[in-house]
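Chemist: Next up is a structure, given as structure tokens.
Nothing in this text is a laboratory measurement; each read-out follows from the coordinates by a stated rule. Remember, predicted model here, so these are calculated numbers, not experimental data. Here Cβ is always computed from backbone atoms with ideal geometry, including for glycine, and neighbour counts include all displayed protein chains.
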């Protein structure tokens with residue numbers, strides 16, 4: 001599974017504006033609403049299930065990366081948004097460092113396999129420091145998509 005298969009190209013921000021964990025999650029969900037892959041009426045419910053997941057343990061995996069995610073019964077396919085915060089956000093990371101790169105995943109309730117594969121794929125790609133640094137310094141959605149396409153092809 002490649003990142004480009006579930007990342008919504010219209011739901012990418014290279015300059016997240018929000019400064020707190022909850023605000024960033026809302027902003028990332030908002031990107032999916034604006035891209036018409038999540039219904040506006042579900043925004044609050046999706047936020048609630050993602051926050052419930054965060055309460056089980058932070059999805060900030062360290063090295064400046066967070067992957068907030070949840071399953072939601074109103075979804076018919078796996079989708080993701082991507083946000084980059086230049087300043088970084090305290091996301092209760094395992095290493096205590098602020099998160100700069102955020103992939104928000106929303107999956108259908110019955111999609112355990114694809115959901116786990118997507119999480120594994122993101123984690124695998126973001127282990128590479130050069131890739132993380134390149135994403136953090138990207139100045140446009142086009143640049144992000146090019147980086148992701150190159151990395152997706154490199155790590156098959």
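Chemist: How high is the FRET efficiency from residue 142 to residue 87, r the C-beta distance, R0 25 Å, rounded to 0.05?
Modeler: After rounding, the FRET efficiency stands at 0.65.
Chemist: Here's something else I'd like to know. Please compute the length gained on full extension between residue 123 and residue 111, using 0.36 nm multiplied by the number of residues separating them and subtracting their Cα-Cα distance. Walk me through the intermediate numbers first.
Modeler: Values: separation 12, 0.36 × 12 = 4.32 nm, distance 1.84 nm.
Taking 0.36 nm per residue and subtracting the Cα distance, the gain is 2.5 nm.
Chemist: How many percent of DSSP beta bridges within region 3-154 run antiparallel, rounded to 5?
Modeler: 55
Chemist: Under Stokes-Einstein, with the Kirkwood radius over Cα pairs standing in for Rh, what whole-number D in µm²/s applies to region 3-154 at 4 °C and 1.567 mPa s?
Modeler: Answer from the Stokes-Einstein relation: 86 µm²/s.
Chemist: Highest GNM mean-square fluctuation, the chain, Cα pairs closer than 10 Å: which of 70, 80, 143?
Modeler: 143
Chemist: Can you tell me which of 56, 125, 31 moves the most in a GNM of the chain? Springs connect C-alpha atoms under 10 Å apart.
Modeler: Checking each option, the largest mean-square fluctuation is seen for 56.
Chemist: Using the basic label-point model (7 angstrom from Cα toward the beta carbon), what is the residue 34 to residue 5 distance in nanometres?
Modeler: About 2.8 nm separates the two model spin labels.
Chemist: In a GNM of the chain with a 10 Å cut-off on Cα contacts, which of 27, 55, 87 has the highest mean-square fluctuation?
Modeler: 55
Chemist: Computed FRET efficiency, Cβ-Cβ of residue 133 and residue 23, R0 25 Å: what is it to the nearest 0.05?
Modeler: The pair residue 133/residue 23 has a calculated efficiency of 0.50.
Chemist: Per the helix-only calculation at 222 nm, which mean residue ellipticity applies to the chain, given -39500 (n - 2.57) for every DSSP H run of n ≥ 4 and division by its residues, nearest 500 deg cm²/dmol?
Modeler: -13000 deg cm²/dmol
Chemist: Still on this structure, I have one more. Relative contact order for region 3-154 using alpha-carbon pairs under 8 Å, separation at least 6, rounded to a whole percent?
Modeler: 27
Chemist: Hey, how many Å between the Cα centroid of region 101-135 and the Cα centroid of region 21-69?
Modeler: 13
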